[in-house]
Amino acid sequence: MNEYRPARRTSCGARCLSDARMSDHSHGGEFGDKTELIFALLAGVCVAAGWGLSFVGAVPGDVSLGLYVGGYVFGGAYTVREAIETIQAGGFEVDFLMLVAAAGAAALGKWLEGAFLLFLFSLGHALEHYALHRARHAIESLADLAPDTARVRRDGTEQEVPVDELAVGATVVVPPNARIPADGVVTKGESAVDQAPVTGESVPVDKAPVDNPEAALQAPDDLGPVHRLFAGTINGSGALEMRVTRRADETTISQVVQTITEADAEKAPTERFTNRFERYFVPAVLGLVVLLLFAWVPLDETFADSFYRAMAVLVAASPCALAIATPSAVLSALARAGRGGVLVKGGGPLERLGRLGAVAFDKTGTLTEGEPRVTDVRPHGDTPEAQVLRVAAAVEQHSDHPLAEAVVRAARARLNGEPLAEAHALKNIPGRGLRATVGNDPVCVGTAALFDERDGTPLPDALRDAAEALEAEGRTTMAVRRNGTYLGVLGLADTPRPGAADVLAHLRRVGVRRMIMISGDNQRVVDAVARRLGLDEARGDLLPDDKVAAVRALREDEDVAMVGDGVNDAPAMATATVGIAMGAAGSDAALETADVALMADDLSQLPFAVGLSRQTRRIITQNLWIALGMVAVLVPATLLGLHIGPAVVLHEGSTLVVVANALRLLGYAP
């Protein structure tokens with residue numbers, strides 16, 4: 001698995017979201033990750049003990065002074081180390097400003113206040129590290145979902161091997177209630193698999209063997225979800241046998257971890273703004289501090305008083321909370337999205353997702369099931385519905401056309417497994433339908449045009465009216481005639497996904513104002529689907545370039561997302577403000593194409609993603625107000641005489657409030 005290595009940040013972000021090398025320094029030592037916190041607590045003990053003993057007359061003053069020096073040592077150890085490393089790297093951080101303020105306090109003999117400053121500063125950042133570790137752990141824990149070993153069947157025997165040694169094509173046995181060790185395809189057994197860790201699906205997915213394992217290994221991405229398995233998911237009560245399709249470092253779960261890792265390196269627009277702000281703000285603070293050092297010249301006060309005030313202002317104006325406000329929220333949101341089966345590629349797409357005013361959907365496979373179904377059976381006269389299906393399926397079972405397959409599926413489902421009659425002398429009339437003989441009777445199945453062009457009785461007016469009514473609703477129709485007698489007409493359509501209308505209504509509740517469908521299907525069909533789902537607009541008969549033009553036109557008015565399959569709709573997705581891929585689990589192309597990937601083939605994840613993004617934007621805004629508001633209050637207060645101690649408490653308190661506020665996103669629920 002790829003190790004999670006967040007990008008190095010500037011200012012307080014560098015301290016809180018450091019790379020792996022910095023983490024080794026800041027969290028290493030005998031006590032591991034708790035070392036910095038232990039040092040901070042020891043600094044607090046020294047400060048408290050020194051202050052308490054100062055009230056005991058029998059204890060020499062040097063004892064308290066020695067304890068304050070201990071507070072400097074324990075409280076400043078990590079701050080000094082990171083400040084030196086940052087300066088050597090050509091950077092400049094708030095750590096350095098805090099060290100200057102503490103040194104200044106010591107120079108004035110204010111050892112208690114200097115030690116108190118370093119204690120609270122080190123404690124605040126130790127707690128930040130702990131809090132942000134929780135957000136990182138939510139991402140890193142994804143990599144730990146897959147087991148370390150797998151039961152491999154070789155030459156008729158089973159043996160445990162490390163998952164890193166699994167080769168593509170290896171046969172793996174998955175016991176009931178065990179985690180799937182690798183991505184693969186089912187070759188034996190049936191079970192229901194909990195895919196929530198990878199796709200976010202709340203309901204276990206039924207699994208069944210593939211018909212041809214060797215062919216499946218050549219093109220696993222083309223298989224349906226019933227045959228595919230993902231590393232880290234949980235098997236149900238049935239034993240399964242699978243063939244591995246990806247090595248351990250190429251599984252879907254490892255790609256998700258890697259993508260989130262890379263996503264964190266992309267700064268959000270708000271974070272770029274705060275970085276630009278700091279570039280001007282920090283020098284301005286330093287300039288103000290230099291001026292304050294000479295305040296004793298025009299004012300009737302000592303240099304010590306001016307120096308102390310300058311150090312207090314230095315503490316008050318340090319933008320710790322501002323630096324951590326955005327990255328802490330973005331990291332928490334990325335972790336929450338990943339846990340919910342939504343992959344967001346960085347702070348930029350995350351913020352843009354929350355600004356959406358419109359969403360454009362592809363039709364086939366996105367809003368609809370992606371395959372035609374028999375939706376209507378309209379018998380003619382006294383003919384039973386079952387008879388219409390029985391005769392139509394007898395002919396259509398010999399065709400590989402998608403509409404023919406839909407008729408056969410419907411017949412087998414409604415006829416309770418009754419065997420279909422055999423048809424012979426099959427003849428295909430392109431664009432019209434089929435002719436065949438069932439028993440001794442000639443049968444025709446096809447469009448109204450087929451019967452208008454063939455010998456025999458024309459389509460009755462009642463049946464023609466029924467066909468035209470179905471076509472007006474977006475159905476594809478086929479009439480059925482046997483031995484000159486019309487049995488009825490069938491209506492077929494690519495039906496909307498279950499719950500699609502509810503998803504669109506939910507999107508409106510979270511703030512999306514306009515939703516349209518853009519499709520290559522004919523306008524009559526897309527209009528019918530749009531009416532059923534409650535879309536604002538439907539545009540049909542579009543080529544890929546037409547979809548791009550439609551999305552570009554939408555972007556002129558507002559931010560728009562394009563939701564598609566990640567491959568066929570790639571040009572339109574790239575043109576949109578945010579490209580969103582459906583069913584990205586196991587698809588390299590979808591993971592590469594989209595800004596946001598819904599890992600399961602589940603449209604209901606979309607309102608969750610938009611809602612999380614909008615909540616993230618609110619959290620970031622709150623954090624910025626807290627950070628800037630505290631600076632705006634503390635700087636004038638310290639100029640008017642507020643001491644370093646209270647300034648430190650309020651300053652570090654605001655930083656912790658910002659981090660705690662950001663961590664609320666880990667528990668976001670739509």
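Annotations for the structure displayed:
- R0 of 41 Å, Cβ-Cβ distance Asp305-Phe273: FRET efficiency to nearest 0.05: 0.65
- Stretch gain in nm, segment Lys427-Ala58, where the contour uses 0.36 nm per residue and the Cα spacing is subtracted: 121.5 nm
- The spread of Cα positions in the range 149-250, taken along each principal axis and listed from longest to shortest, comes to 36, 27, 25 Å.
- Of all lysines in the structure, those lying under 19 Å Cα to Cα from Lys207, and not within fewer than 8 positions of it along the same chain, are Lys188.
- Working note: Karplus 6.51/-1.76/1.60 with θ = phi - 60° gives the range 481-498 the couplings 10, 10, 6, x, 9, 7, 8, x, 9, 10, x, 10, 7, 7, 7, x, 4, x Hz, where Gly and Pro are set to x.
- Estimated distance in nm for a label pair at Glu473 and Asp221, the labels positioned 7 Å out from Cα along Cα-to-Cβ: 3.8 nm
- Projected label points at Ala660 and Asp545, each 7 Å from Cα along the beta carbon direction, are separated by 5.9 nanometres.
- A Förster distance of 41 Å, applied to the separation of the beta-carbon atoms of Thr149 and Asp400, puts the FRET efficiency at 0.40.
- Normalising the average separation of contacting C-alpha pairs (under 8 angstrom, six or more residues apart) by the number of residues puts the relative contact order of the range 149-250 at 40 percent.
- Placing R0 at 22 angstrom, the Cβ-Cβ distance between Ala208 and Glu418 gives a FRET efficiency of 0.40 after rounding to 0.05.
- Potential lengthening between Ala501 and Ile87 on full extension [0.36 nm per residue; Cα-Cα distance subtracted]: 143.4 nm
- Value of relative contact order over the range 437-537, rounded to a whole percent, pairs C-alpha under 8 Å and six or more apart: 25 percent
- For the range 370-495: rounded, prolate or oblate by the Cα gyration tensor [a/c cutoff 1.5]: rounded
- When the range 149-250 is described by a simple charge dipole with +1 on each Lys and Arg Cβ and -1 on each Asp and Glu Cβ, the residue from Leu223, Gly238, Thr187 located farthest towards its positive end is Gly238.
- Distance between the 7 Å Cα→Cβ label points at Val168 and Asp465: 6.1 nm.
- A simple rule links phi to the HN-Hα coupling: the Karplus curve 6.51 cos²θ - 1.76 cosθ + 1.60 with θ = phi - 60°, which for the range 40-56 gives 5, 5, 4, 4, x, 4, 4, 5, 5, 5, x, 5, x, 5, 5, 8, 9 Hz, with x for Gly and Pro.
- Using θ = phi - 60° in the Karplus curve 6.51 cos²θ - 1.76 cosθ + 1.60, the 3J(HN,Hα) couplings for the range 224-234 round to x, x, 5, 9, 9, 10, 10, 4, x, 7, 10 Hz; x is entered for Gly and Pro.
- Computed over the range 370-495: relative contact order in percent, which uses C-alpha pairs under 8 Å that are six or more apart: 32 percent
- Of the chymotrypsin sites (Phe, Trp or Tyr not before Pro) found in the range 272-318, the ones in coil according to DSSP and having at most 16 other Cβ atoms within 10 Å of their Cβ are Phe294, Trp296.
Every read-out reported here was derived from the displayed coordinates using simple, explicitly stated rules and does not represent laboratory data. Just so it is clear, the structure is predicted and the values come from calculations on it, not from any experiment. All Cβ positions, glycine included, derive from the backbone under ideal geometry; neighbour counts span all protein chains shown.
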